[in-house]
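Data first, discussion second: the structure below is written as structure tokens.
The values are calculated or read from the model by the stated rules, or taken from the named source; none is laboratory data. For clarity, every value in this text was computed on a predicted model and none was experimentally measured. Ideal geometry is used to build each Cβ from the backbone, glycine not excepted, and the neighbour counts take in all protein chains shown. We work out accessible area using only protein heavy atoms, side chains counted, and drop any ligands, DNA or RNA first. Shrake-Rupley method; radii C 1.70, N 1.55, O 1.52, S 1.80 Å.
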Number of protein chains: 2
Amino acid sequence: MHNEFELDTNSIDRLAELAVRTGLALEPEQDLLITAPVESLPLVRRICIHAYKAGAGVVTPIFTDPEVTLARYQHAIDSSFDVSPSWLFKGMGEAFDSNTARLAIVGDDPMLLSEQDPKKVGRVNKANSLASKPTRERITRFDINWNIISWPSVSWAKRMFPDLSEFEAQYNLAEAIFSASRVDQEDPISAWREHNAALRTRSDWLNGQNFQALHFFGPGTNLSVGLADGHEWMGGASIAKNGITCNPNIPSEEVFTTPHALKVEGHVCSTKPLSHQGTLIEEIKVKFESGRIVEARSSKGEEVLLKVLDSDEGARRLGEVALVPHSSPISQSGLLFYNTLFDENAASHIALGQCYSKCFQNGGDLSKEEVENRGGNSSMIHIDWMIGSNQIDVDGISQDGKKIPVFRKGEWA
Amino acid sequence: MHNEFELDTNSIDRLAELAVRTGLALEPEQDLLITAPVESLPLVRRICIHAYKAGAGVVTPIFTDPEVTLARYQHAIDSSFDVSPSWLFKGMGEAFDSNTARLAIVGDDPMLLSEQDPKKVGRVNKANSLASKPTRERITRFDINWNIISWPSVSWAKRMFPDLSEFEAQYNLAEAIFSASRVDQEDPISAWREHNAALRTRSDWLNGQNFQALHFFGPGTNLSVGLADGHEWMGGASIAKNGITCNPNIPSEEVFTTPHALKVEGHVCSTKPLSHQGTLIEEIKVKFESGRIVEARSSKGEEVLLKVLDSDEGARRLGEVALVPHSSPISQSGLLFYNTLFDENAASHIALGQCYSKCFQNGGDLSKEEVENRGGNSSMIHIDWMIGSNQIDVDGISQDGKKIPVFRKGEWA
């Protein structure tokens, strides 16, 4: 073991500053809640410095540790797997009600739970989904400014680069994260301003078209995704209900909107593995009827997939559809990250479960009933999976039934 | 820098097991909330394993980091110093209402904040005291089983052993903690059973005497501490209101009870430095009249001391008096730990602020008003400081005014 291989501390600092200034656009006197793997401490410390420099009230990091997670699967009594620290999620919900901003750092080993009993994994996921409703709702409603970035943890890096040493693997993943997050550029904050403008051009065009549906065609895929009434396409920066324009995801290459929960028909198969809370789900094939998944299988992780679909009624319906060209920088890196934050930006995708109520015209200031009446889905889950590739075409269907090419061979038409 | 100097992982594991089995006496299906410095992760991981083996529901560690704390003092805007994450404290209070057990690991650098602006330190302490009321109340009322242990962090160790290398200092502090916590003994759990029995013999004798007051005499000290009506002496194991017999402090060498908030008279000076939330307060001298501190000074940290006394009305009155012989193992180690958990077990002491409502006859199941009527003090602070040494004598004053020797030259008479 040697210690010479060090991550680029300058890039870590630039990522921290980008998260505070562009990701969150933290305002003076705003509190900040961070969730982070304990391994990302060097990044968290830099974020705290930049947050306080930006005028933060109090910054509260909540750390998680994979060994603590595993201790439960290895030693707990059976009833433990239905329990969740609901007091913590409820408290977070209250923090958001007081205008606390939210930063999530992801980076745990995507395969952490792959050798644990899938039934127990499913039970824990369900208990956490129920308990975390107060926090999830406030995020999907965009009550406050939020942002997700990532940390190159060693265990994640070793999944991506199994043949490299721990330090080399971590270094490579770090460089991939810095590049995808644009912190390797001269001025990351300007680079994001330009990138946001480019995404806005795409979403403006789609909003002008006001399609009633998108058709996806390709090997194994023949899918019509009806769009919600009064849906709005979004991408890059978002205005939260507290008036702050944040960038929820770093990186982000997608434009996305709300499908109609009752109007999805046909077959679709996944084009990249889905890493869901520690289990890899590969080669998903599902059939939709009237918006609902009526058949589902996968070559790996099927038990977890079926548990996910049974989470609640809305788990079998779509809450998001997103377009990403095959030429996106993350796709071109050729890397499979086993992490949705990255992989969803390498391909067009759909999401099971809860819709973003913000993806409606007029800023999405709609009641729960109005969202439902317009076709917005609700669920305690929101899980993205990739259906795009360089073999996929997408047509937009206009309100008068005309087909307009949107993607050809995975690129904007 | 070298890595050869490793802490004894076997002792870390024994300390973790002792905290779960003897400190908390965690019950099956009980949830556990841990607060810990991020540096104590190796101990937290072992605690999680032992907690789940003992049948824990869900174990939730909340980590703190000194660099995160310092970032605020170094970079935050002025208004930040009156803000506290009240949502987190409120959530913890709710966890305790659901019978969640509480384990605190202490180990931060006792001088962490010594170079920061004492006014800002005072403001943060006050904001945290106010916000943490829901958690503090439930702990002082003994609603649930709780326990405090410690981790030999490098920064703390370097304060105690400034001339040693980081690794040697940490190793020495670790060995001192293992010894004081009795995990260096053949069977730590049996050792604690015997130790608890010995402390009970002392508290039983004091309860049989039912003194109306204690008189402390020595250099600079002439203090009469009236005891609360119906006070009860305790020590070692305590029965929490949830019915679980826990050992709140590891180590613990004291027997203690509730003074009468209105009946403390005379002068007293501290015999060891008080390390209070990052500031060292040395050579405290105070004068009591009718239970209230009317004069206070100290040779170091006086500004912080005076801020503490102005926290609220009850901060100038006593909430605890405790007897510890000068021959206690911690005293005999000759080490100054700059940490109340250890230093309070090296000498008799008093505490400013909130009383333990449990220290009354019949298990202390009293209302707030009853506690007050019997002389129990209330405050948002509870700060122990040492007044015992081998030069201090203590007399008990019986209900009919007789003087009975309790301590002579710092030892049980």
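For the stretch B:144-240, take N as its residue count and report Rg(C-alpha) divided by 2.2 N^0.38 Å. Write out the running numbers ahead of the final one.
Details: Rg = 18.8 Å, N = 97, 2.2 N^0.38 = 12.5 Å.
So the stretch B:144-240 has a normalised radius of gyration of 1.50.
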- Counting all Cα-Cα pairs in the stretch B:192-347, those more than 23 Å apart amount in percent to 43
- Query: Taking the Cα centre of the stretch A:4-180 as the origin, how large is its charge dipole in debye, to the nearest 20, when only Lys and Arg (+1) and Asp and Glu (-1) carry charge on their Cβ atoms?
  - Reply: 720
- Interchain or sequence-distant (5+) residues whose placed amide H lies within less than 5 Å of the amide H of B:A213 are B:L227, B:I397
- Given the convex hull over the Cα atoms of the stretch A:262-351, what projected area results after averaging over all orientations, in nm²? 5.7
- Item | Relative contact order (%) - criterion: Cα under 8 Å, at least six apart; region: the stretch A:4-180 | 26
- Sort out for me the Cα centre separation of the stretch B:321-396 from the stretch A:247-307, rounded to whole Å. 60
- Item | Average projection area in nm² (convex hull over Cα atoms of the stretch A:286-413, one quarter of hull surface) | 9.3
- log10 I(q)/I(0) for the stretch A:30-94, Debye formula on C-alpha points only (no solvent), q = 0.13, 0.14, 0.21 Å⁻¹, two decimals, reads -0.50, -0.57, -0.94
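If Lys and Arg each add +1 and Asp and Glu each add -1, what is the summed charge of the other residues whose beta carbon sits under 12 Å from the beta carbon of A:P28? Write out the running numbers ahead of the final one.
Working: positive: A:K53; negative: A:E27, A:E29, A:D31, B:D78.
Net charge around A:P28: -3.
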- Message: Starting from the Kirkwood Rh over alpha-carbon pairs, what translational D in µm² s⁻¹ does chain A have by Stokes-Einstein at 10 °C and 1.306 mPa s?
- Response: 73
- Note on the structure: Exposed-loop cut sites defined as trypsin sites (Lys or Arg not before Pro) in DSSP loop states with at most 13 other Cβ within 10 angstrom; longest site-free run of chain A spans A:1-401
- Task: Pick out, from B:G376, A:A54, A:T201, the residue whose Cα sits farthest towards the positive end of the charge dipole of the protein assembly as shown, with +1 on the Cβ of Lys and Arg and -1 on the Cβ of Asp and Glu.
- Result: B:G376
- Message: Going through the cross-link list A:K263/A:K287; B:K241/B:K368; B:K133/B:K263, which pairs have a Cα-Cα distance over 21 Å in this structure?
- Response: B:K133/B:K263
- Query: How many nm is it between the label spots at B:S179 and A:Q361, if each spot is 7 Å from the Cα in line with the beta carbon?
  - Reply: 7.8
- Query: In straight Cα distance, which aspartates and glutamates are under 14 Å from A:K300, not counting same-chain residues fewer than 8 positions off?
  - Reply: A:E115, A:E282, A:E283
- Debye sum, Cα scatterers, the stretch B:181-223, no solvent: what log₁₀ I/I(0) at q = 0.34 1/Å? -1.06
- For the stretch A:32-47 the residues that are at least 10 Å² less accessible with all protein chains than alone, 1.4 Å probe, are A:L33, A:V38, A:L41, A:R45
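Once you list every other residue whose beta carbon is under 15 Å from the beta carbon of A:S333, what net charge do they have if Lys and Arg are +1 and Asp and Glu are -1? All intermediate terms of the calculation are to be shown ahead of the outcome.
Values: positive: A:R182, A:K272; negative: A:E175, A:D184, A:E253, A:D343, A:E344.
Here the count lands on -3.
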- Task: Per DSSP H run of n ≥ 4, the term is -39500 (n - 2.57); total these for chain A, divide by its residue number, and report the mean residue ellipticity at 222 nm rounded to 500 deg cm²/dmol.
- Result: -9500 deg cm²/dmol
- Simple Cβ-charge dipole of the protein assembly as shown, Lys/Arg +1 and Asp/Glu -1, about Cα centre, in debye nearest 20: 1440
- Query: Chains B and A: what accessible area do they bury, summed, in square angstrom to the nearest 100, with a 1.4 Å probe?
  - Reply: 3400
- Query: Over the Cα atoms of the stretch A:4-180, how large are the radius of gyration and the largest Cα-Cα distance (Dmax), in Å?
  - Reply: 17.3, 47
- Task: For the stretch B:122-171, take the alpha-carbon Rg, divide it by the Kirkwood Rh, and send me Rg/Rh.
- Result: 1.21
- Query: Of all GluC sites (Glu not before Pro) in the stretch B:1-60, which ones are in loop regions per DSSP and have a Cβ with at most 16 other Cβ atoms within 10 Å?
  - Reply: B:E4, B:E6, B:E29
- Message: For a quick size check, give me the Cα extents of the protein assembly as shown along its three principal axes, largest first, whole Å.
- Response: 104, 55, 48
- Query: Can you tell me the accessible area per residue over the protein assembly as shown, all protein chains present, probe 1.4 angstrom, in square angstrom?
  - Reply: 39
- How big is the Rg/Rh ratio for the stretch B:339-413, C-alpha atoms only, Rh by Kirkwood, two decimals? 1.03
- Message: Given a 1.4 angstrom probe, I'd like the percentage of the accessible area of chain B that is carbon and sulfur, rounded to a whole number.
- Response: 46
- Could you tell me which of B:I177, B:I149, B:P28 has its Cα farthest along the dipole of the stretch B:4-180 towards the positive end, charges placed at Cβ (Lys, Arg +1; Asp, Glu -1), taken about the Cα centre? B:P28
